[in-house]
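Asks: Structure incoming, see below.
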Amino acid sequence: MIDQKSKIYIAGHKGLVGSAILRKLKSLGYKNLIYKEKSKLNLLNQNKVFKFLKKNKPDFIFIAAAKVGGIIANDRYKADFIYQNLTIQNNLIHGAFLNNIKNLIFLGSSCVYPKFCKQPIKEKYLLQGELEKTNDAYALAKIAGVKMCESYNMQYGTNFRCIMPTNSFGPNDNYDSLNSHFFPALIKKIHEIKNGKKKNLILWGNGSAKREVVYVDDLADACVFFMKKKTREIIINIGTGKDYSVKSYAKIISQVIIPKKKLKINFDKSKPNGTPRKVLDVSLASKYGWRSKIKLEEAIKLTYENFKLGKKK
């Protein structure tokens, strides 16, 4: 039984998702929380990870640590993405097993599903088709993590589960021009138009690719919800169940950031569109009683306020 007295370790507590999980747990009164700076615990170092888990013996682990990036970074640095993600999750999952830590949640990604998946995407569609080539190395590492959790559960009776979120955004996001995901990239570009640094918005591809996004505080809420919930299923999709085209998202974001200015969009068709459509079937999460709560426009406002704070530092 995991409760407010339980010792909980958040791996990747400085990242987008990990920091949101940490905020959520603190807001709910959890005080026995463990997290370590990267400089003090390198998750790529197996020996150090095993020693850390042996010494601290958490009751529950959230694996939110990962090497992540946008479509260009995923395509350009495949070796880094597959090696680092496999190593981090192997060290934490196997380290948990060695130290008799039975409960953890592994944060996956909706990119594990096939490129031309039937929509909306059900959990059972995993490994039912070819992956999107631009991020297949990252996706394969995440799939290995899912299968590792499944295998340890079957062989050793652990309770390792996988939360499979759609594209998340929010405070502490990455706004790097080449390495960010599409949603924070849109926020940054539209902010630059507002400040007069740019006149037009340049979208990669033709803007028709459809995506689903979830505010990271909603994702953190789901993580804590399923930390306390018994489930038969290992994989649980988390999202809103709604998707829009990238072009539509650009217009929605601009209405929040520059409501009185008409957005002019140009398309860079030399850049890839990526997967044509990606929206998750969230009926399993809904069956257990979880639904996203934060409206898209409100989430954009909160994210933009955090983005501006970062710009002032």
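The values are calculated or read from the model by the stated rules, or taken from the named source; none is laboratory data. In this text the structure is predicted, and so the values were computed from the model without any measurement. Cβ sites come from the backbone with ideal geometry, for glycine too, and all protein chains shown count toward neighbours. Note: areas computed on protein heavy atoms with side chains; ligands, DNA, RNA excluded. Shrake-Rupley method; radii C 1.70, N 1.55, O 1.52, S 1.80 Å.
Asks: Taking every DSSP beta bridge that has both residues in the chain, what percent is antiparallel when rounded to the nearest 5?
Replies: 5
Asks: Nearest 10 degrees, 0 to 90: what angle lies between the long axis of helix 216-227 and the longest principal axis of the chain (Cα atoms)?
Replies: The answer is roughly 20 degrees.
Asks: Then there is this: At 0.36 nm per residue, minus the direct Cα-Cα distance, what do Ser208 and Leu302 gain on full extension? Give it in nm, one decimal, please. Please list the in-between numbers first.
Replies: Numbers: separation 94, 0.36 × 94 = 33.84 nm, distance 2.60 nm.
Result: 31.2 nm gained on full extension.
Asks: Where does helix 296-312 land angle-wise versus the long Cα axis of the chain, in degrees 0 to 90, nearest 10?
Replies: For 296-312 against the chain, the angle is about 90 degrees.
Asks: List the longest stretch of the chain that has no exposed loop site; here a site is one of the GluC sites (Glu not before Pro) assigned by DSSP to anything other than H, G, I, E or B, with at most 11 other Cβ within 10 Å.
Replies: With GluC sites (Glu not before Pro) excluded where exposed in loops, the chain gives 131-313 as its longest stretch.
Asks: Suppose a student asked you for the relative contact order of the chain, using Cα pairs under 8 Å spaced at least 6 residues apart; what percent would you report? Intermediate values should be presented prior to the final figure.
Replies: On the way: 564 pairs, mean separation 62.5, N = 313.
Relative contact order here is 20 percent.
Asks: Test of the criteria: in region 271-309, which trypsin sites (Lys or Arg not before Pro) are in a DSSP loop and have at most 16 other Cβ atoms within 10 angstrom of their Cβ? Before the final figure, lay out the partial values.
Replies: On the way: sites: Arg277, Lys278, Lys287, Arg291, Lys293, Lys295, Lys301, Lys308; in loops: Arg291, Lys293, Lys295.
Answer in residue order: Arg291, Lys293, Lys295.
Asks: Would you mind working out the accessible area per residue for region 187-313, using a 1.4 Å probe, and quoting it in Å²?
Replies: Values: 6780 Å² over 127 residues.
Heavy-atom accessible area per residue stands at 53 Å².
Asks: Which one, Met154, Asn237, Val216, projects farthest toward the positive side of the charge dipole computed for the chain from Cβ point charges (K/R +1, D/E -1)?
Replies: Comparing the listed Cα positions along the dipole, Val216 ranks first.
Asks: Semi-axes, largest first, in whole Å: what does sqrt of 5 times each Cα gyration tensor eigenvalue give for the chain?
Replies: 32, 21, 19
Asks: Next up: Using R₀ = 41 Å, calculate the FRET efficiency as 1/(1 + (r/R₀)^6) where r is the Cβ-Cβ separation of Lys48 and Asn266; round to 0.05. Each step should come with its number before you reach the end.
Replies: Working: r = 48 Å, r/R0 = 1.17.
E(calc), rounded to 0.05, equals 0.30.
Asks: Which FRET efficiency value, to the nearest 0.05, do you get for Tyr288 and Lys147 by plugging their Cβ-Cβ distance into 1/(1 + (r/R0)^6) with R0 = 25 Å? Kindly include the intermediate steps, with their values, before the conclusion.
Replies: Values: r = 22 Å, r/R0 = 0.90.
Once the sixth-power term is evaluated, E becomes 0.65.
Asks: Okay, moving on. Fully extended, how many nm does the chain gain between Asn200 and Glu130 (0.36 nm per residue separation, minus their Cα-Cα distance)?
Replies: Working: separation 70, 0.36 × 70 = 25.20 nm, distance 3.54 nm.
Value of the extension gain: 21.7 nm.
Asks: In addition: Helix 16-27 against the longest principal axis of the chain: what's the angle in degrees, Cα atoms only, rounded to the nearest 10?
Replies: 60
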